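What follows is a single structure, written as structure tokens, with notes after it.
The values are calculated or read from the model by the stated rules, or taken from the named source; none is laboratory data. Nothing here was measured: the structure is a model prediction, and the numbers come from that model. Virtual Cβ from ideal backbone geometry, glycine too; neighbours counted across all protein chains shown. Surface areas here come from the heavy atoms of the whole protein model, side chains and all, with no ligands, DNA or RNA. Shrake-Rupley method; radii C 1.70, N 1.55, O 1.52, S 1.80 Å.
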Amino acid sequence: MRATASKNTICLWFDGAAEDAARFYAKTFADSAVGQVYRAPGDYPNGREGDVLMVEFTVMGIPCVGINGGPTFRHTEAFSFQVATDDQYETDRLWHAIVSNGGQESACGWCKDKWGLSWQITPRVLMEAMADPDRAAAKRVFKAMMGMVKIDIAAIE
């Protein structure tokens with residue numbers, strides 16, 4: 001995979017951990033892989049010659065590049081990956097992979113990985129239930145979701 005082959009590549013800023021993050025994503029999510037790793041040809045403000053400067057990778061088929069740009073910029077919830085899951089097993093597996101690897105829980109199916117990147121682990125059944133034409137049913141689902149950390153499909157149904 002080469003980031004330059006895609007017209008649109010998500011660029012994620014890391015503080016020295018771009019390769020670690022890319023390898024974790026490749027191990028955790030289907031259709032993910034680590035591509036080219038670029039090393040700095042010389043010293044730069046936040047690193048030394050030979051340090052990993054940039055990593056090309058895919059996350060669930062989405063082309064990304066991780067840049068080790070230093071501590072200046074941090075990830076926020078303004079950007080997140082939303083992962084549609086098919087069942088509780090997949091929801092639990094992905095949630096626990098992120099949280100148990102130094103991440104943290106948030107609310108309504110959101111969590112952060114140890115690098116500060118936000119993830120929405122969202123069962124498809126939740127989105128379908130919130131789009132229910134029976135607005136009272138959709139409202140009950142929404143209210144239940146608002147009280148959850150990790151989404152519980154049985155409670156949604």
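Candidates are the residues of segment 77-104 that are of a type in the set (Ser, Thr, Tyr) and either assigned to a strand (DSSP E or B) or open to solvent by 70 Å² or more (accessible area, probe 1.4 Å) (or both); the one that is nearest to Arg23 (Cα to Cα) is Ser100. For segment 18-32, filtered to residues that are among the small types (Gly, Ala, Ser) and buried (at least 16 other Cβ atoms within 10 Å of the Cβ), the residue that is nearest to Ile98 (Cα to Cα) is Ala21. Looking at Leu126, Leu94, Leu53, just one residue is over 29 Å from Glu157 (Cα atoms) and hydrophobic (A, V, I, L, M, F, W, C), and that residue is Leu53.
The conditions of being of a type in the set (A, V, I, L, M), open to solvent by 30 Å² or more (accessible area, probe 1.4 Å) and at pLDDT below 95 are not met by Met54.
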